[in-house]
Amino acid sequence: MFHRIRRRAAQPSEMQRQHYEAFARLEGRVPPEVERMRAEMQSAEPTTVVDDFLPPELRVPSHDQLDGRVMPWAQPIVLDGEIVACTGCGAYRDWVIISTRDQVWLRCRQGHQQHEARLDTAWYNRHSRPADATHATFEDCLRHIGH
């Protein structure tokens, strides 16, 4: 019984044969709408190529073009249940958080800087807002954010 089914399946059915014939008849034909569209495209005037990228004064530098990013942080930073304090003066609020070379640094009002290993670039990215300016020097950046 299974041999009969296999023999029948080896030859194309009548419906498959009709589909093959219909496909062969249509193979070289192109719908008239396509021919009309091709003619319109060839007769149309060439369009001018316009650079749609932002002008240089509106472009924002990418992260690999910057030496680092800085943001102010007025409230205390609590990590692992303890408030982070400056190792130099003991200040625990009004920080400047610096993200550079995949490290996060904290800077107090007195200018003491300390590396904070418990914070990473992902934390910085989650808590920072979009940059509103770029600066040539670190001191210019500090002046811009009021430190």
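The values are calculated or read from the model by the stated rules, or taken from the named source; none is laboratory data. These figures come from a predicted structure and were not determined experimentally. Note that we place each Cβ from the backbone using ideal geometry, even for glycine, and neighbour counts take in every protein chain shown.
Evaluated against (1) more than 30 Å from residue 129 (Cβ to Cβ); (2) touching a residue at least 12 places away in the same chain (Cβ under 8 Å), residue 37 falls short on exactly one condition, (2). Output the residue which, of all residues in the stretch 93-123 that are among the charged types (D, E, K, R) and in a loop (DSSP other than H, G, I, E, B), is surrounded by the most Cβ atoms within 10 Å (Cβ to Cβ). Restricting to residues being among the charged types (D, E, K, R) and in a loop (DSSP other than H, G, I, E, B), the top hit is 116. Taking the stretch 128-147 as the range and being exposed (fewer than 11 other Cβ atoms within 10 Å of the Cβ) and within 22 Å of the chain's Cα centre (by Cα) as the test, the residues that pass are 129, 130, 132, 133. If we scan the stretch 71-92, do we find a residue that is among the hydroxyl-bearing types (Ser, Thr, Tyr), in a strand (DSSP E or B) and either touching a residue at least 24 places away in the same chain (Cβ under 8 Å) or surrounded by 12 or more Cβ atoms within 10 Å (Cβ to Cβ) (or both)? Within the stretch 71-92, not a single residue is among the hydroxyl-bearing types (Ser, Thr, Tyr), in a strand (DSSP E or B) and either touching a residue at least 24 places away in the same chain (Cβ under 8 Å) or surrounded by 12 or more Cβ atoms within 10 Å (Cβ to Cβ) (or both).
The residue pairs whose first member lies in the stretch 45-62 and is closer than 15 Å to residue 131 by Cβ, whose second member is assigned to a loop (DSSP other than H, G, I, E, B) and not aliphatic (A, V, I, L, M), and whose beta carbons are closer than 9 Å, counting only pairs six or more residues apart or on different chains, are 59/53; 60/130; 60/134; 61/134.
If you go through the stretch 49-102 and keep only what is at pLDDT below 85 and charged (D, E, K, R), you end up with 51, 52, 57, 59, 64. Among the residues of the stretch 114-147, those that are among the acidic types (Asp, Glu), without any contact (Cβ under 8 Å) to a residue 12 or more places away in the chain and more than 13 Å from residue 96 (Cβ to Cβ) comprise 132, 140.
Can you say whether residue 17 is part of a helix (DSSP H, G or I) and not acidic (Asp, Glu), as far as the supplied structure shows? Yes: the conditions hold for residue 17.
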